[in-house]
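Every number in this text was worked out from the coordinates using simple rules, so none of it is lab data. Quick caveat: nothing in here was measured; it's all calculated off a predicted structure. As a convention, Cβ positions derive from the backbone with ideal geometry for all residues, glycine included, and neighbour counts pool all protein chains shown.
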Amino acid sequence: MLYMHTVSALLALSCVLTETEAWGYKNGILHNSIWLEQAAGVYHRESRKGRYQLTYKEAKAVCKFEGGSLATYDQLEAARQIGFHVCAAGWFDKGRVGYPIVKSGTNCGYGKVGIIDYGYRLNKSEKWDVYCYNPNSKECGGVHTEQEKILQSPGFPDEYPDEQICYWHIRVRYGQRIHLQFLDFDVEDDVGSISDYPEIYDSYDDISGFAGRYCGDELPEDFLSTGNVMTLKFLADSSVSAGGFRIQYTAIDSSLPTDSDTSTYT
Ligand SMILES: [Ca+2]
């Protein structure tokens, strides 16, 4: 048993190291942010009363209320492998309890990395948080690793619905860069683009690497990433829509100088 645990922990660790290299993150963990939950389709919830207040039955009801179901161990592990890290034990499928750990800490995970698994609970009246799975809660966003793809606003070519939050995370091969080209663009226009807007981040999240926010109906200029990851975010408020957008991304080999590289080759 202990041996199995060690093997799975080692396997999990090697996955994390592979991801670390591919994502290029530094000293720490990938951010456990909204886009990650959307990308993985797995999310953590606690009771409105606070932490560790849900019986198994109540946990199931929380997921169902939002149109989802309890996450399975495999779904939780898949989410963990792209950086989903929560330091709180929750129910998941079949009455099991645990939590996903990407980076071990003294107060979390007993120094282990992986799914910290409390096993199948005999007493379903125990109170924990919950991990739900709902990949269809959004019709936009996700993790994209293809060499090229066209991303579009929800409902395109129809107008996008109000109250949208979309995060597209693009990750291509290590050493490549990402070229973005706007093909169609029509987003509710206002001064400062505060109502509706897509934003580009030259990083794996929307915390660092802000590169631009756009609205109106003029095609924004192309954009070339610094590294092999990029995040596109789209927010729409509660009123006034527009035609939406289509954006094509293409992975390029960064060893080939491009126009925007010229200055570094002088
Ligand atoms: Ca709007």
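For the listed residue pairs 64/233; 103/233; 49/233; 94/127; 57/127; 49/94, the alpha carbons are over 20 angstrom apart in 64/233; 103/233; 49/233; 49/94. Across q = 0.13, 0.20 Å⁻¹, the range 120-205 modelled as identical point scatterers on its alpha-carbon atoms has Debye log10 I(q)/I(0) values of -0.61, -1.11, in the order of the q list.
Which shape class, rounded, prolate or oblate, goes with the range 132-180 when its Cα gyration tensor gives a ≥ b ≥ c as root eigenvalues, a/c under 1.5 marks rounded, and past that a/b bigger than b/c marks prolate? Note, shape of the range 132-180 comes out oblate.
Between residue 181 and residue 158, the modelled labels are 2.9 nm apart [label points 7 Å from Cα along Cα→Cβ].
Sorting the Cα pairs of the range 142-257 by distance into bins of 5 Å, from 0 upward, gives 2, 13, 24, 25, 19, 11, 5, 2, 0 percent per bin. Legend: calculated FRET efficiency, residue 72 to residue 239, from the Cβ-Cβ distance at R0 = 41 Å, rounded to 0.05, equals 0.60. For the pair residue 165 and residue 122, a Förster radius of 45 Å applied to the C-beta separation gives a FRET efficiency near 0.70, rounded to the nearest 0.05. Each part reduced to its alpha carbon centroid, the range 200-250 and the range 46-109 end up 31 Å apart. Legend: calculated FRET efficiency, residue 226 to residue 87, from the Cβ-Cβ distance at R0 = 35 Å, rounded to 0.05, equals 0.65. Its residues counted as N, the range 65-135 yields a C-alpha radius of gyration over 2.2 N^0.38 Å of 1.06. Ordered by the number of other Cβ atoms lying within 10 Å of each residue's own Cβ, fewest first, 173, 80 fall into the sequence 173, 80.
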